[in-house]
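A quick write-up on the structure given underneath.
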Amino acid sequence: HTTEVNEGPKWVKMQSITQENDLDAFLSTAALAETDFTAERLNVKVIQNDYQNPFLISEQEEITRIEKQEANVDKLSVPRRPHWEKSMTAEQVQRNERESFLNWRRDMATLEDEEGLLLTPFEKNLEVWRQLWRVIERSQLIVQIVDARNPMLFRSADLEKYVKEVDESKANLLLINKADFLTAKQRKAWADYFDAQGIKYTFFSAAIAAKTLQEEEEERQRQELEASLKAQQAKKDDEDEEDEDEEDEDKADAAEKAVDVEEEKKEDRTRVRTTTDLLDLLIEQTPVVKNENGEIEKMTIGLVGYPNVGKSSTINAIIGEKRVSVSSTPGKTKHFQTIHLNESLVLCDCPGLVFPTFSTTKADQVCNGVLPIDQLREHTGPCTLVAKRIPKAVLESTYGIRIRTVPIEDGGTGIPTSAEFCSTYAIARGYVRSSQGNPDEARAARYILKDYVNGKLLFCHPPPGI
């Protein structure tokens, strides 16, 4: 049996791979190294690594891991595309890319094995990384879109470094999406941190932008309907009165907008930008590039980020219509897409990429939406984390339930366990296992975790040092 794991249609090659068992990892590494293996015997035995359950750790162990991560943060990297020239054949280019990618994967494996650090299940498919390389090479401005609830987890500092390595004239921008989850005080804390670090950033909410777009469309339809009704009216007096009313409304709206603009100017760096403001900022931050004839080239803006941080929603808000597929399942966009906004501006959407970054537990990865909830096998860790972060009273009021916990005097902590929380939720919703009739805690956990990821159960991480 030879290791021809790359055979198949294009959609198979572009499947996102973030987790592999030992056999799959061995075969994919062998394929990258262009090594063939032929079985000589049939009594093959695959030995799985006996990892300690990473879902639950003590507070002291978590502190130790974080300190170790901070000491090794410079070792986190994204794979670089090897140097290539037009005179090289496609086979030579691909071979060099495979060798470079294989070396990078070995470096990441060494970081985990020798340093004992836990990394997120980062993207292990070379085809997906090739999409990122192409987006960076095409774009003058690279926009990293991150989740406002935990920006540092989703930001890749090494990606910003790589962009400058490709071309010093290229620029980086951090787009903090879902900023409506943050209060003004929280946005100011993050703004102070990013300013101190010299990071260019802006706050945005694709959800608010989409809602505004829908309201504007409804208002446009309403005005068209009113105009149609006016045309059918015979009395000119009524038309004049309506015109006067509309003028008064326009003046009131203009005064209200002027007040809003004045308030926004007071703290421009922390305000949540509108779609128009965001587009103006992107154009302003994009470096001007001229071709050999001295003509200004078309501006290309690349959007990069983890799955499910709102890249597609942000693009849809900018273009004003649903052109990019939106999904809550990580890995929806498979190839980079170019969207021409006008004659001088192009948006380049990169497939969702899970960059290698440190993590304390896999439960944290689930709660941050990095791992797909529907494929979750172990729910106790993530649900325990949710119960620790969200006060018991908030959980009970949100779901209309009463969670019975072990009293503190009897040895309890006052914080619901995963079993207490999920079983109470399952009973309230009528989720039971068909075979036994017991509460279906796994099904309850999926709904709870989706509510947490979607922001119904809201928890926001503070900036480092707070």
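Pairs K86/K290; K124/K200; K388/K450: which are spaced more than 24 Å apart, C-alpha to C-alpha? Too far apart for the 24 Å limit: K124/K200.
Remark: segment 111-123, residue by residue, has Karplus-estimated 3J(HN,Hα) of 4, 6, 6, 7, 8, x, 9, 9, 9, 5, x, 5, 5 Hz, where x stands for each Gly or Pro and the curve is 6.51 cos²θ - 1.76 cosθ + 1.60 at θ = phi - 60°. Measuring nothing but how far apart in sequence close Cα pairs (under 8 Å, 6+ apart) lie, relative to its length, segment 372-454 scores a relative contact order of 31 percent. Rounded, prolate or oblate: pick one for segment 91-156, where a ≥ b ≥ c are the square roots of the eigenvalues of its C-alpha gyration tensor, a/c under 1.5 means rounded, and failing that, prolate if a/b is larger than b/c, else oblate. Since a/c reaches 1.5 but b/c is at least a/b, the shape of segment 91-156 is classed as oblate.
Let me make sure I get this right: for segment 370-466, a, b and c are the square roots of the gyration tensor eigenvalues over alpha carbons, sorted descending. Under 1.5 in a/c it's rounded, otherwise prolate if a/b > b/c, else oblate. Which is it? Oblate shape, in that a/c is at least 1.5 and b/c is the bigger or equal ratio. For V432, the amide hydrogen comes within under 5 Å of the amide hydrogens of D440, counting only partners 5 or more places away or on other chains and with H modelled in the peptide plane.
Read the figures in this text as sums done on the coordinates, not as results from a lab. Note that the structure is predicted; figures quoted are calculated from it, not measured.
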